[in-house]
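The structure appears below as structure tokens.
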Amino acid sequence: KTKTKWRNEIKALLLHMRKELLQEVSQSMRAESDHLKHDIGDFYDHASSDRDRELALMLADREREKLTYVDDALKRIDLGTYGICESCDEEIDKDRLLAMPFTKLCLSCQEDLERG
């Protein structure tokens, strides 16, 4: 029962993250749309605006990627495979899951991956 309660807490955390990510991506898309509507100014304005827009698009891509990870974690909760390392099949430490709820690897396997 404790495991079910804990997974429900993680699921609530993931759903909250998902909601925030969707709002951020939506705001980025609106800002980009607004930029295209009001594209006036001199060369320096355009250069600065283009740099800002490029940064915003990179951030939006990162948010979309994170959203994919969150959706995948929610799917693993529903399938009952959440919290199990995809590399060694051991349980992932709860503190790691709370810090990064969409992780697929235990700390040891993640470190091995980064070293390799």
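The set of residues in the stretch 1-24 that are more than 26 Å from D61 (Cβ to Cβ) and either of a type in the set (A, V, I, L, M) or assigned to a helix (DSSP H, G or I) (or both) comprises T2, K3, T4, K5, W6, R7, N8, E9, A12.
Within the stretch 86-94, identify whether any single residue is part of a helix (DSSP H, G or I) and either modelled with pLDDT under 95 or open to solvent by 70 Å² or more (accessible area, probe 1.4 Å) (or both), and answer yes or no.
Step one: list which residues in the stretch 86-94 are part of a helix (DSSP H, G or I), which gives 94.
Filter once more, keeping what is either modelled with pLDDT under 95 or open to solvent by 70 Å² or more (accessible area, probe 1.4 Å) (or both): 94.
Within the stretch 86-94, one or more residues are part of a helix (DSSP H, G or I) and either modelled with pLDDT under 95 or open to solvent by 70 Å² or more (accessible area, probe 1.4 Å) (or both).
On the given criteria, is L113 open to solvent by 50 Å² or more (accessible area, probe 1.4 Å), in a helix (DSSP H, G or I) and either in contact with a His (Cβ under 6 Å, 6 or more places away or on another chain) or not β-branched (V, I, T) (or both)? Can you show your working first?
Working: open to solvent by 50 Å² or more (accessible area, probe 1.4 Å): yes; in a helix (DSSP H, G or I): yes; either in contact with a His (Cβ under 6 Å, 6 or more places away or on another chain) or not β-branched (V, I, T) (or both): yes.
Answer is yes for this residue.
Among the residues of the stretch 66-74, at least one is assigned to a helix (DSSP H, G or I) and free of Cβ contacts under 8 Å to residues at least 24 places away in the same chain.
Do you know which of the residues in the stretch 97-110 that are surrounded by fewer than 16 Cβ atoms within 10 Å (Cβ to Cβ) and modelled with pLDDT of 95 or more is farthest from H16 (Cα to Cα)? Lay out the reasoning, then the answer.
Residues of the stretch 97-110 surrounded by fewer than 16 Cβ atoms within 10 Å (Cβ to Cβ): 98-100, 107-108.
Next cut, modelled with pLDDT of 95 or more only: 107-108.
Numbers: L107: 24, S108: 28 Å.
Out of the qualifying residues, it is S108.
Residues that are open to solvent by 100 Å² or more (accessible area, probe 1.4 Å) and at pLDDT 70 or above within the stretch 24-53 comprise Q27, R30, listed in sequence order.
The values are calculated or read from the model by the stated rules, or taken from the named source; none is laboratory data. These numbers were taken from a predicted model, which means no experiment stands behind them. Every residue, glycine as well, gets a Cβ built from its backbone with ideal geometry; the counts of neighbours run over all protein chains shown. SASA here: full protein model, heavy atoms, side chains in, ligands and nucleic acids out. Shrake-Rupley method; radii C 1.70, N 1.55, O 1.52, S 1.80 Å.
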